[in-house]
Structure formats: C-alpha cells, structure tokens
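Just so you know, all these numbers are worked out from the coordinates, no wet-lab data involved. All of these numbers come straight from a predicted model, not from anything done at the bench. Here the Cβ is made from the backbone with ideal geometry for all residues, glycine too, and neighbour counts use every protein chain on show.
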Amino acid sequence: MSKRLLPADASIFLILIGVALTFELLGWLVMGQSFIFNTRRLPIIVLQVAVIGIIAIGVTQVIITGGIDLSSGSVAALSGMVAASFAQAAGGSSMYFAGLADLPTIVPLVVGIAVGCAAGWVNGAITAYTGVPPFIPTLGMMVSARGLAVLYNNGNPVIGLTDGFTALGAGATPIVIFAVVALLFHIVLTRTLYGRRTYAVGSNAEAARTSGINVKAHKVLVYTIAGGLAGLAGVVMTARATMAQPGMGLMYELDAISAAVIGGTSLFGGRGRVSGTVIGVLILGVITSGFTFLRIDFYYQEVAKGLIILAAVIADRYRQGVKFGMR
Amino acid sequence: MSNITQNQSSPLPRETGIFLVLIGVALVFEAAGWMIHGQSFVFNTQRLYIIVLQMAIIGIMAVGLTQIIVMAGIDLSGGSVVAFAGLVAASLAQASSAGEAVYPSLTDLPIIVPLLIGLAIGAALGFVNGSIIAITGIPPFIATLAILVIARGLARWYTSGKQVSFFTPEFAVFGSGATPVWIFLGVVIVFHVLMTRTLYGRRTYAIGSNERAARMAGVNVGRHKVLVYSIAGLLYGLAAVIQTSRAETAQSGTGLMWELDAISAVVIGGTSLMGGIGRIPGTVIGVLILGVLTSGFTFLGINVFYIAIVKGVIVVAAVVADQYRHRNKRGK
Amino acid sequence: MSDIVLSTRGLTKHYGGVQALVDADFEIREGEHIAIVGDNGAGKSTFVRQITGVEVPTSGSIVFEGKEVSFQSPLDARRAGIETVFQNLALADDLDVPANIFLGREEVYFNLGPFSFLNEKKMLKMAQEGLTRTAVKIPNLHNTIGNMSGGQRQCVAISRTATFASKLIIMDEPTAALGVQETTQVENIIRTLKDQGVPLILISHNLRQVLNLVDRIVVFRRGRIAGTLDAKTTNGNEIVSMITGLDTGVHENASYI
C-alpha cells in the first residue's frame, strides 16, 4: 500500500494514454478529425466520467474489503428521484411535495446522500451480519431500489427543479465534485484508521478480527459510504439532466466495477487505490466516448464493455500470480 | 444418498417444509381474495393453468441453475442468453411469407433447425461461461455478469434491435397450449434422475460440497464445471425456443432479469448458495411459489413493481435463512 | 522374491533453487509400519508428495512392487494401490459415508461417461465391508459426513484404504486435529491394519504415538534422511537429537513424549 502516486499507477496511466492515442489515430483515419482536441466531446465525457467516477470510488472501497456492490446504479436512481422531489421550484406543474418548493440546495443534496447511505447500510448490514455472499443482498437491493425508484412517482420523472440544484450539474461542476471526492478518499484510504482497517479487513478478515478490529461494523460503514457516494452520484446525474428519471443510471455499477478493476483493485480484496480507480474511470470514459466518436454501433459497445470487464478481471487474476489451466 | 433423498433426522420428504410454504402462500391469497374481491384465488382452474404455463419457461432455466448452484457456482447470464438464443432461433424459423425475413433464403426451414440452433447457441454460451470459470478461476458471478452484458449486446446487435416474427406454422408447436408445461415436466424428470442417480449428479454435489476434496479424489473438476454450465446453457436455449414460439416473436429485450427469478426459485426451493445441497423437486416448488406470488399480486391488483421489491426481499431472506441453517457447516 | 513393497533410490526434488529433498534412499517391507518424522521443512512432506504422485521427482527412482514406476498424478498412485489419508481429510460434508468412500471412483452400472448410473447398492455393501475390516462403527451410513465427529470422519477417511484393498497406506498427521479419545480411536484402527499386515507409512509429530505404533522410524533433516531408528530400542531423546542434529541432552520430562 504505497503512498507514492506515480510508480504504482504508472502502467495504468500509460494504458490511458495509449487508448486515447489509439482513438486519436483512428479518428484521423476514419473520421478525418481529432478525437482528443474536440471541445464538443469534452462535456459529454465529463458527465460520464464524473458520475461513474463518484460511484467507482465507493465501490473501490467495498471491493477492497473483499465485497462487491451491484446496486450502485439503482441506488443512484432512487436517490436522484427522492432528492429531486425536494428540489422542485415553485410554480411547477407537478409538485411532488405540495408545500416544499424552492428549498435551499443543501436539502436535496443531503437527502440524496442520505437515501444512498440508507441503502448502503442495508447492504452492509445483511452482508456483514449474516455472512451471505455480498452479491446476493446487493443484487436484491439493485432490484428493490429500482422498483422503489419507479414507484416513487408512478413511473414518471420528477421535473421542474430549482436553478440552485441544477447548478450542481452544470458546466464543469460534476468534475470538480468528482475531483474533490477522489482527493478526499485518497487521503482517507491512505492516511486514516478507516483506510488502514479497510485494507486489513479485505486482506485477511480473520486476522483483522483477532487484532481487535470490529470487522462487521467496519463493513457496514464501508457499504454505507459506498451507498452515500452512489446517492451523491444520483444527485449530480439528476442535476445535470435537470430532471430525475427512474430508469437512469442503468448498469452504472458495472462500469464502476470495471473502472475499479482496471485501475488495479483486486476482486479478491486487500488491494486497490483511489488513484488507480480514477485512471480506470478515465480509460472507460475515453473508450465509451471513442466508440461514439467513431460511430460504432451502440450494440458493439455493449459487447465490448462486457469483454473489457472480463479482460480486466482476468488480468487481475493473472496479476495475482495464479496459474491458468483447466484444473 | 441422504441429502438428496431425505433429511436424516426426519422421515418426511425433504421438501415438506417448502411445500407447506407454498400451501401457506396460496391460502393467504385465497383469504385475501375472499375479503377483497369476494372470489376464490386457488379454485380457478384457468388461473392455475396460467400460473404453471407462465412459470414453465423460468422453471426450465431454474433446473439448469439448480445444478450450477449445487456446484457452488452461479450464473447471472441466463436471461440474456435466452434473448440471444431466441433471436437466432427465430431468424431461422421464419416463414417465406414474412415481410422482411432476416435470411430471405433461409425461410420455411424444418423446425428442427431453429430448435437445434437455439440449443446450440445456449450451450455455446454456457460453454464459454464454464470455460472461463474453470480456466481462469475468476469468481462465477463476475464471469457470468460479463457474459450477461456480452450476450445482451449480441442480442441487440444481431438484428440491430429489430423484432423477429412471422414464423412457420409448425414452429408454434413448442409454445402452443400446454406444451411448455409438458416440456418443463420432462426436463424436471430427466434432470432429477441425472442429479440423484448418475455420476454427473454425484460429481456436481461433491464439487459443491468440497471442491478440493473432489479434486484430490480424482474428479476432473474443470471439465465437470464446463459440462454443467454448458448443460445449463442448453436449457436456456430450450427456454428461448419455447418463449419465442409462444410469444410468436423474438426481441432483444426478452428475458430481462429472468435469471433473477430463476435463482430466486432455486434458493427458495432449498438449494444452498454454498453448494452441496439442493434438489430439483425443491426448485419446482420454488418455481410454483414464485408463480403463485406473481399471480396473487396481479389478482389483488397490486402494482407490478411492488412484486419486484417483494421478490428481492424474499430472495435475500431465503439466502439468509439458508446461511443460518448451515451455520455449523464445517469449513471447506 | 523380495518382500519390499516400495523403495526409493536417490530420490531428489528441487524447486527452482531450493533443494527440498536430496538423495532419499528408503524402503518399506510387507507388513511393516514406518514413521517419518522431522522438523518443518525437513523434507518429509516433499518425500510423500513424490511417492504419491502429487509431484514428479527431479531425479532418482521409485520402485513399487518390484517395478519401477513414475506417477504423473495422485490418481496413478491410487490406481497402483497406494492410498493416502490426508491431514485435512478431503471429505465432502454434504455427502454420506458410501459417497465419500467412493469419491472419484464410483461404481456404475453402464459406462455412459458422466451420465453413468451409480450402483449405490454395491457401493453401500463394499463400504460396509471396508468399515468392518477396519473395525469402524458407524450407526447410520446414510448420515452426511458433516454431522459426524472429527474422529468418525477420520475413521471414514481411513476405511477408504481398506475398501480398496490398498497395497500401501500413507497417513499424513492423521490425529493432529483430533482430541484424546478420537486419537485413540484412530490409533486402534492403525493397530488393526498392522494385524492385517498392511504396510503403512505414518507421518507424525507425535513421538509418543510413533514409538507406540510403528516398527521403524525414519528421520528427515534438511532435505535428507538423517537416519533410521528401531522403535523398540530407541527413545525420545535419540529421535529428537537426530531431528535437530544436536546433542541437546533433552530433559526426561520434555513435552514431546
């Protein structure tokens, strides 16, 4: 768990550069224009990267503890829906809470994060206290949260949001939020007791337990934080789109997990860094954007994404020094 | 063998408990039906028929998943595989009278062709799942999650998102009337025998119970895993053909979340996610419980999305209950 | 005709630069019970891995029943008649007794590959015979192994060797994880096997057990066989000295006895 940024993530950073350059080259060959130096493309990449990045930072911590979270996208959607209902401007046609209009932006922001934390807490509690493999409760949460998001406004979006709220998603604000979150959690994971315990639990839960760490409580905390970050992502997503839709954030958890794994987080726990995840998110963003840029069919994108996840996880396994072969 | 014939401390069949749950759930809806609608829920042959018919397809998937989960694996790709296999099969089942056939020169084919192709696609994707898991050792949920995405992408790519319909009249045989139920029954019987009386079943339970012990005893674990996932894929292909035939169309959005229903049925039916424990009859009852729940909710006019939430809660509860039941299971 | 069941000449195993086993010359005769002792890393586990087919030796030869053999896998060794009882038992908790005994070599009716039908009647009968031969009493053979005590589980594991009429049995720390009563249970089975003339190689840290049960004691030290002692004439002091290579003059009340 080195504290030096450069050497550990150097290889992933090179991959990022390589991918970007590949698309740049293809851009000139296929489209006759630059991929990177294109101001129209940047905002789109920004949003993709920021929202998934925020989720990915939470997921990274969960994976470091040896767990997984499949509910992030749905939780983000639910959080966004609920937050939006507290962020509506007066005079709108479809007020969710008749009396609650023009609330200060801090209110929906906190509400959104709180909803995410609640969902994360449930995930963590079930995982830690029953010993059930984490993909089951988070899978259940994925379905339930999505269901709740739809039910929240009977399948309708929540619209007519205040300017103060939508400002959270305007311009480069999402990226700034992402950067702050990344910096914050980089410090937390590398310099605080929380971070030390997270790595300990993931590396060897039994050893962590016998050395006095309350493993169960810590896992609940980590999942709660991840949920809170998903909630924040939902808020940003909603602010950017100036409305909350129950179907948003679909499959985002997959991107977040991919980004984390590409960035060096091991699915077997004990390893992973915020800096690596950030680069992983950028790589994913560049690839997604590159595909759109090259007008590659959306259908190919999905297949490619699945292959990328697979490749990333297999590479992670290989990194562990495990020998492959039919056993 | 005790864990697959009966509970060693009770003379009753192992599925008694879960069967009582099924009866209980049905009775709850029966009571609610009288109170709310003034009519019976259970004593309605039309409804019972529909329940089984709708669940037959999920049931076939659940049989495949039972084997995987008993082996201590998991497969999240089922629904997407059904979608892709269904589309490919559909594209070979079209009648020449179809307006825009996918393959204009391949119309009016004998129905054995789309059937075999559907099975083959399913088996092939299952083979890929099993191979990745056996060779690289990455956790099954991630491997099959990736295949879920890839298969869904393939489904959308195959006809660029367009539906495929207008099949030959013969193709309807798979999905018409009660045929899906008979096929489901046949699958249940065949695989129950396979799991309880053959080497295949023995090895599946052994690997699920203690993979290391099985390996040390000489079982070719890798090869067996590939076999089990491939067979499950075959069953997804079968489900796909039946679904396509019955719906008279194939779409890229088919099967969304079906694997979750199938996994729920398996878990509710008593199969343990930890492996080594579980039976096909239990899965059948799990499938029925799920069917009764869905039908009951519709009967009472409850919003579909509440069903989704309830299902999510039930699965988690079933898994937690399973965890407690096997608290004292020795470490592998 | 020689009554040597297994012998090794110059058996050597290197792992990269590490010489884990060097020049091991070993032999065991019909009906003999030999203990292999030594400190951790002394080479005894490495030696066992070579003769049971888990690994292939770097050099040297293994002669089993008069013929030179080269096992490519544990299955080869098992087929030849060498049966190993592992420390961690290698049992499947959710399967019952006959299923565990026949794990990996199930009896089937017709050979349809994986889809062959199990001959459960035959396996039950053979399992019962094996258990009787090792004097192991299990009330209900259909009970799942997970429900049995550590001693019973170990006894089932050992009775596998009797069921398959093994020509040589190897036990790796069979009582390490067991309580006093269960250890006695297993040691009694070992005595039964001795009475039946089945050759046995026992790896154990428990010198009292070793002195009580076997005929000869082979001591490994630093990858080599340091020496062989006669169980009837040696004592704990001598064994420990050979294990450590020091004349430690160990006190009589030392805990290893």
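If you rank C:175, A:166, C:132 by fewest surrounding Cβ atoms within 10 Å, what's the result? Walk me through the numbers on the way to the answer.
Details: C:175 24, A:166 19, C:132 12.
By the 10 Å Cβ count, ascending, the order reads C:132, A:166, C:175.
Quick one: longest stretch of chain C between exposed loop trypsin sites (Lys or Arg not before Pro), exposed meaning at most 12 other C-beta atoms within 10 Å and loop per DSSP? Please report the intermediate quantities before stating the final value.
On the way: sites that count: C:137, C:232.
By the stated rule (loop sites, at most 12 other Cβ atoms within 10 Å), C:1-136.
Per residue of the stretch A:64-73, in order, report the coupling 6.51 cos²θ - 1.76 cosθ + 1.60 (Karplus, θ = phi - 60°) as ³J(HN,Hα) in whole Hz, putting x for Gly and Pro.
4, 6, x, x, 8, 9, 9, 9, 3, x
Among DSSP beta bridges whose residues both lie in the protein assembly as shown, state the antiparallel percentage, nearest 5.
The answer is about 65 percent antiparallel.
The stretch C:1-66 to the stretch A:234-264: how many Å between their Cα centroids?
Computed from Cα coordinates, the inter-centre distance equals 59 Å.
Do the sum for chain B: with -39,500 (n - 2.57) for every DSSP H run of n ≥ 4, divided by all residues, what is the mean residue ellipticity at 222 nm, to the nearest 500 deg cm²/dmol?
Using -39500 (n - 2.57) per qualifying helix, the result is -23000 deg cm²/dmol.
Of B:37, C:205, how do they rank once you tally other Cβ atoms within 10 Å and put the fewest first?
Numbers: B:37 12, C:205 15.
Taking fewest neighbouring Cβ atoms as first place, the list is B:37, C:205.
Just the Kirkwood number for the stretch A:220-327, please: inverse of mean 1/r across all distinct Cα pairs, in Å, one decimal. Spell out each step's value before the answer.
Values: mean 1/r = 0.0639 Å⁻¹.
With all distinct Cα pairs of the stretch A:220-327 included, I get 15.6 Å.
Write down the radius of gyration of chain A and its Dmax, each obtained from C-alpha positions, in Å.
When restricted to the Cα atoms of chain A, Rg and Dmax are 19.8, 66 Å.
Per residue of A:313-319, how many C-beta atoms from partner chains lie within 10 Å of its own C-beta, taken as a mean?
Working: counts 8, 8, 1, 3, 5, 2, 0.
Mean number of neighbouring Cβ atoms from other chains: 4.
What does the average come to when, for each residue of peptide B:190-197, you count the partner chain Cβ atoms lying within 10 Å of its Cβ? Don't skip to the end; give the middle numbers.
Numbers: counts 0, 0, 0, 2, 3, 0, 2, 8.
What the average comes to for B:190-197 is 2.
If you take the Cα Rg of chain C and divide it by 2.2 N^0.38 Å, with N the number of residues, what do you get? Mind dumping the intermediate values first?
Values: Rg = 18.9 Å, N = 257, 2.2 N^0.38 = 18.1 Å.
With N residues counted in chain C, Rg over 2.2 N^0.38 Å equals 1.04.
Using a 10 Å cut-off on Cβ atoms, rank the peptides B:110-117, A:208-215, A:302-309 from the highest mean neighbour count down. List each step's numbers first, then the result.
Values: B:110-117: 17.2, A:208-215: 14.0, A:302-309: 20.2.
Final packing ranking: A:302-309, B:110-117, A:208-215.
List, in order, the whole-Hz ³J(HN,Hα) value for each residue of the stretch B:190-206 obtained from phi through the Karplus relation with A = 6.51, B = -1.76, C = 1.60 and θ = phi - 60°; use x for Gly and Pro.
Per residue, the Karplus-derived 3J(HN,Hα) values read 4, 6, 5, 4, 4, 6, 9, 10, 10, 4, 3, x, 4, 5, 4, 5, 4 Hz.
Roughly how crowded by other chains is peptide B:275-287, in terms of the mean Cβ count from those chains within 10 Å of each of its Cβ atoms? Show your work: numbers first, answer last.
Values: counts 2, 6, 4, 1, 0, 0, 0, 0, 0, 0, 0, 0, 0.
Mean partner-chain Cβ count within 10 Å for B:275-287: 1.
Taking amide H positions as placed 1.01 Å from N in the peptide plane, with prolines and chain starts having none, which residues 5 or more places from residue C:226, or on another chain, fall under 5 Å of its amide H?
Close amide H contacts, sequence-distant or interchain: C:219, C:220, C:221.
Output the peptides A:274-280, A:88-94 sorted from most to least packed, where packing is the average of other Cβ atoms within 10 Å over each peptide's residues. Intermediate values should be presented prior to the final figure.
Values: A:274-280: 26.3, A:88-94: 13.0.
Result, highest mean Cβ count within 10 Å first: A:274-280, A:88-94.
In what sequence do A:326, B:55, B:195 fall when counting other Cβ within 10 Å, fewest first? Spell out each step's value before the answer.
Working: A:326 12, B:55 26, B:195 21.
So the residues, fewest neighbours to most, are A:326, B:195, B:55.
Quick one: if you stick a label point 7 Å off each Cα along the C-beta vector at residue A:130 and residue B:112, how many nm between them?
That separation, rounded to one decimal, is 4.9 nm.
In the stretch B:157-184, which residues have a backbone nitrogen under 15 Å from the label point lying 7 Å from residue B:97's Cα in the Cα-to-Cβ direction?
From the stretch B:157-184, the list is B:165-172.
Over 24 Å between C-alpha atoms is what I'm after, so list which of C:137/C:194; A:216/A:305; C:67/C:167 land there. Don't skip to the end; give the middle numbers.
Values: C:137/C:194 19 Å; A:216/A:305 33 Å; C:67/C:167 14 Å.
Correct reply: A:216/A:305.
If you place +1 on the Cβ of every Lys and Arg, -1 on the Cβ of every Asp and Glu, and leave all else neutral, what size is the dipole of the stretch C:4-244 about its Cα centre, to the nearest 20 Debye? It would help to have the intermediate numbers written out before the result.
Details: 25 positive and 26 negative charges, 32 e Å.
With only Lys, Arg, Asp and Glu charged at Cβ, the dipole is about 160 debye.
Within straight cross-link reach of residue C:13, meaning Cα distance under 12 Å, which aspartates and glutamates are found once same-chain residues fewer than 8 apart are removed?
C:23, C:55
Beyond 31 Å, what share of the Cα-Cα pairs of the stretch B:14-325 is found? Please give it as a whole percent.
Numbers: 14955 of 48516 pairs.
Distances greater than 31 Å cover 31 percent of the Cα pairs.
Rounded to the nearest Å, what's the spacing between the alpha carbon centres of the stretch B:187-252 and the stretch A:82-151? Just the number, please.
One Cα centre to the other: 39 Å.
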